[in-house]
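*Asks:* Input: one structure, supplied below.
The values are calculated or read from the model by the stated rules, or taken from the named source; none is laboratory data. On a predicted model such as this, the values are computed, not experimentally measured, just so you know. Cβ sites come from the backbone with ideal geometry, for glycine too, and all protein chains shown count toward neighbours. Each accessible area value is taken on the protein alone, full model and side chains, heavy atoms only, with ligands, DNA and RNA left out. Shrake-Rupley method; radii C 1.70, N 1.55, O 1.52, S 1.80 Å.
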Amino acid sequence: MITIREARDTDVQGIIDIYLATYGQDYAYPKYYEEFEIKKLIFSDETLMLVAEDTEDDRIVGTASVILEVGAYTDLVGEFGRLAVHPDYRRRGIGTQLLEHRLASVKDRLHVGVIEARVTHPFTQAIALKQGFAPVGFLPLKYLFGSHRENMGFLVQLFGRGRELRRNNPRVVPEVYQLAASALEACRVPVDVIVDEESAPYPFGHGFTVSELTTEGYSRLLRIERGRVRNREIFGPMRLQYGYFKLISHHSKYLVAREGSHIVGAVGFTLERLDRVVRVFELISLRDEVIRFLLGELEQRCQQEWEISYMELDVSAHAPRMQRTALQLGFVPVAYAPALAFVDVERLDLVKFAKLLIPLDLGPMMLIPPVSDLAETVLAAFRRREVLPRLGEVVDRVGLFAGLEEEQLTRLAAACQHAAFPEGTEVFREGDPCDEMYLILEGEVAIYIEGREQPIATVRAGECLGEISVLTGGERAATARAVTAVEAGVLSKKDLQGLVRLRPGIGVVLYRNLARGLGEKLRRTDLDILDR
């Protein structure tokens, strides 16, 4: 018989045995293999720890916990973590029982619950979905397990007055909108997001000196209100006013920017050297120019000094300038969490951004819907980010895009994904639906029409392919085949229409240039035919 109850100090070794049987020596937080750390969780008022006991064999066969106060988010947020069932007892519904008992024990004490679910197997995802958690994001390569990194699904559930206290009408940049809409729908929250097209990123400053925070600078930094108690745009598990020595004990650091002898800002972050993760939790500033400077300085140290693999920051969904700044610094939106942060008398949605400082090598996954749908949205953004620099090199030389401003070109390039076509393969066939247009980055494509063995035209690097059909509708009028190996940026009809809807000025330029380009292509085709 299986009984679920709160853990006692006599359960410590049984809990450790479950972790060892489940993860081997590869658990992301090996401190939880230590007796002292498990006892702290059992006796802490901030943590609920449960065990599943096989009373017939007098054996601990499962465990689960909830961290009831997840730092400076700040109130009534619980992290549902460390659910593990001994391999000998799996597929008996014990994981479901543990989660049900956790929910019943803490739901009256929380507004928001969060789960980071492993996706190397479907069990945690399935249990979380069954218990009412909704997928709101996907965290690629966040944790280190032994010699490899694992991806995590990010799920939330709103409790009590969490929905009622949520601040309405978040303002997000266009790159966040699809993720936000999907997450809100999954949580059954009205999609009331406003797309902000106008907010500019914070400017880049220079001339500041940087050092790590010491007790000498602590009191002076504490007097700066912007970003700490006023106009907070970044949230996380710690805050400066927790106290200098508590910050240090929680592996927290601050990089402090000075102008001469004056402190003008600081960025706070947790540094987890074991799994090579840095998480920004606070950004304090006296001036706009120091914000981007500090984030850039932190990334540089992550790469050069600490060999960090994964950077993360949670940005207010009401702070489009910070969202735009994160995007320009190479961060990608990976989750949208409704009502996660409590500020004044309201709860704010947060956009979780991540930046990988290693290649996107995902490894094995077993994603289940709808977690897989959110994962695809996030991974598409990473793929676009990878190809964006190459698209930027050629996009301003494409006739179709002539006349677009730099910011418009960046938005257009950011909407593209990457595709490769080996020599001799078809890019599309005559009569196919017109769903995508292609910006050729490398290689050459030949255009054929039915009844002719020879190509009627060629499209080379720096030129567009299929744009006429996508912009005007209908079916493909010809077949396109790669003459050499081809790499291309791909802009779908859906993404293009969404971009034009949000930015009509881009559509005006595209259709004007389309008329010019169509005339030029007809002239070249006529010349090719005459030459034959």
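*Asks:* Does L313 satisfy being modelled with pLDDT under 95 and closer than 20 Å to V267 by Cα?
*Replies:* no
*Asks:* Can you pull out the residues in the stretch 199-228 that are open to solvent by less than 80 Å² (accessible area, probe 1.4 Å) and either under 26 Å from I115 (Cα atoms) or charged (D, E, K, R) (or both)?
*Replies:* E212, R226, R228 - these are the residues of the stretch 199-228 that are open to solvent by less than 80 Å² (accessible area, probe 1.4 Å) and either under 26 Å from I115 (Cα atoms) or charged (D, E, K, R) (or both).
*Asks:* Sticking with this one: Condition test on L518, is it surrounded by 14 or more Cβ atoms within 10 Å (Cβ to Cβ), aliphatic (A, V, I, L, M), modelled with pLDDT under 80 and assigned to a helix (DSSP H, G or I)?
*Replies:* Values: surrounded by 14 or more Cβ atoms within 10 Å (Cβ to Cβ): yes; aliphatic (A, V, I, L, M): yes; modelled with pLDDT under 80: yes; assigned to a helix (DSSP H, G or I): yes.
Yes.
*Asks:* Now a separate question. What single numbered condition from (1) assigned to a loop (DSSP other than H, G, I, E, B); (2) touching a helix residue (DSSP H, G or I) at 6+ places or on another chain (Cβ under 7 Å) fails to hold for R397?
*Replies:* With (1) assigned to a loop (DSSP other than H, G, I, E, B); (2) touching a helix residue (DSSP H, G or I) at 6+ places or on another chain (Cβ under 7 Å) applied to R397, the lone miss is (2).
*Asks:* So, of the residues in the stretch 91-100 that are part of a helix (DSSP H, G or I) and not small (G, A, S), which turns out to be modelled with the lowest pLDDT?
*Replies:* This residue is L99.
*Asks:* If we keep just the residues of the stretch 73-90 that are more than 24 Å from T22 (Cα to Cα) and either in contact with a helix residue (DSSP H, G or I) (Cβ under 8 Å, 6 or more places away or on another chain) or modelled with pLDDT of 90 or more (or both), which is most open to solvent (accessible area, probe 1.4 Å)?
*Replies:* Here the residue is L76.
*Asks:* Residues to consider are L240, L184; find the one that is within 20 Å of the chain's Cα centre (by Cα) and surrounded by 20 or more Cβ atoms within 10 Å (Cβ to Cβ).
*Replies:* Of L240, L184, the one residue that is within 20 Å of the chain's Cα centre (by Cα) and surrounded by 20 or more Cβ atoms within 10 Å (Cβ to Cβ) is L184.
*Asks:* Is it the case that V256 is touching a Gly at 6+ places or on another chain (Cβ under 6 Å), at pLDDT 95 or above and closer than 22 Å to S199 by Cα?
*Replies:* Criteria not met by V256.
*Asks:* A follow-up question, please. For S372, all conditions in the list (1) open to solvent by less than 10 Å² (accessible area, probe 1.4 Å); (2) of a type in the set (G, A, S); (3) modelled with pLDDT of 95 or more hold save one; what is the number of the exception?
*Replies:* Here S372 clears every test but (1).
*Asks:* Quick check on my filter: what residues within the stretch 259-270 are buried (at least 17 other Cβ atoms within 10 Å of the Cβ) and either more than 15 Å from V210 (Cβ to Cβ) or over 25 Å from the mean Cα position of the chain (by Cα) (or both)?
*Replies:* Selection gives I263, V264, G265, T270.
*Asks:* Here's something else I'd like to know. Quickly run through the stretch 254-278 and pick out the residues that are touching a residue at least 40 places away in the same chain (Cβ under 8 Å) and closer than 13 Å to W306 by Cα.
*Replies:* If the condition is that a residue be touching a residue at least 40 places away in the same chain (Cβ under 8 Å) and closer than 13 Å to W306 by Cα, then L274, D275, R276, V277 are the ones that fit.
*Asks:* Here is a follow-up. Could we say that T55 is without any contact (Cβ under 8 Å) to a residue 60 or more places away in the chain, among the polar types (S, T, N, Q) and open to solvent by 30 Å² or more (accessible area, probe 1.4 Å) here?
*Replies:* Yes.
*Asks:* Output yes when any residue across the stretch 313-320 is farther than 19 Å from E198 by Cα, not in a strand (DSSP E or B) and not acidic (D, E), and no when none is.
*Replies:* No, every residue in the stretch 313-320 fails to be farther than 19 Å from E198 by Cα, not in a strand (DSSP E or B) and not acidic (D, E).
A quick yes/no check of all residues on (1) assigned to a loop (DSSP other than H, G, I, E, B); (2) open to solvent by 20 Å² or more (accessible area, probe 1.4 Å); (3) of a type outside the set (S, T, N, Q):
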| residue | (1), (2), (3) |
| --- | --- |
| R102 | no, no, yes |
| V106 | no, no, yes |
| T124 | no, yes, no |
| G137 | no, no, yes |
| P140 | no, no, yes |
| F154 | no, no, yes |
| R161 | yes, yes, yes |
| E175 | no, yes, yes |
| E197 | yes, yes, yes |
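*Asks:* May I ask you to list the residues in the stretch 91-100 that are among the polar types (S, T, N, Q) and crowded, with 19+ Cβ neighbours inside 10 Å?
*Replies:* Correct list: Q97 only.
*Asks:* Tally time: how many residues in the stretch 214-250 are more than 30 Å from K31 (Cα to Cα) and at pLDDT below 90?
*Replies:* Looking only at that region, the number is 3.
*Asks:* Can you name the residue in the stretch 278-292 that is in a strand (DSSP E or B) and open to solvent by 10 Å² or more (accessible area, probe 1.4 Å) and is also nearest to L255 (Cα to Cα) among such residues?
*Replies:* L283
*Asks:* Looking at L491, L499, L465, can you tell me which residue is open to solvent by less than 60 Å² (accessible area, probe 1.4 Å), more than 13 Å from Y438 (Cβ to Cβ) and not β-branched (V, I, T)?
*Replies:* Of L491, L499, L465, the one residue that is open to solvent by less than 60 Å² (accessible area, probe 1.4 Å), more than 13 Å from Y438 (Cβ to Cβ) and not β-branched (V, I, T) is L499.
*Asks:* Now a separate question. Taking the conditions exactly as written (in a helix (DSSP H, G or I), among the aliphatic types (A, V, I, L, M) and either under 22 Å from the mean Cα position of the chain (by Cα) or closer than 27 Å to R501 by Cβ (or both)), does L360 satisfy them or not?
*Replies:* No, not satisfied.
*Asks:* Follow-up. Could you please find all residues in the stretch 138-188 being closer than 14 Å to P338 by Cα and hydroxyl-bearing (S, T, Y)?
*Replies:* Y177, S182
*Asks:* Now a separate question. Would you be able to say whether some residue in the stretch 2-10 is of a type in the set (D, E), farther than 29 Å from D75 by Cα and surrounded by fewer than 18 Cβ atoms within 10 Å (Cβ to Cβ)? It would help to see each step written out before you state the result.
*Replies:* Start the filter on the stretch 2-10 by keeping residues that are of a type in the set (D, E), which leaves 6, 9.
Subset that is farther than 29 Å from D75 by Cα: none.
Within the stretch 2-10, none of the residues are of a type in the set (D, E), farther than 29 Å from D75 by Cα and surrounded by fewer than 18 Cβ atoms within 10 Å (Cβ to Cβ).
*Asks:* Next up: Identify all residues within the stretch 293-311 that are of a type outside the set (V, I, T), in contact (Cβ under 8 Å) with a residue 40 or more places away in the chain and either surrounded by fewer than 20 Cβ atoms within 10 Å (Cβ to Cβ) or within 14 Å of I358 (Cβ to Cβ) (or both); write none if there are none.
*Replies:* Residues satisfying the conditions are G296, E297, E299, R301, C302, Q303, S309, Y310, M311.
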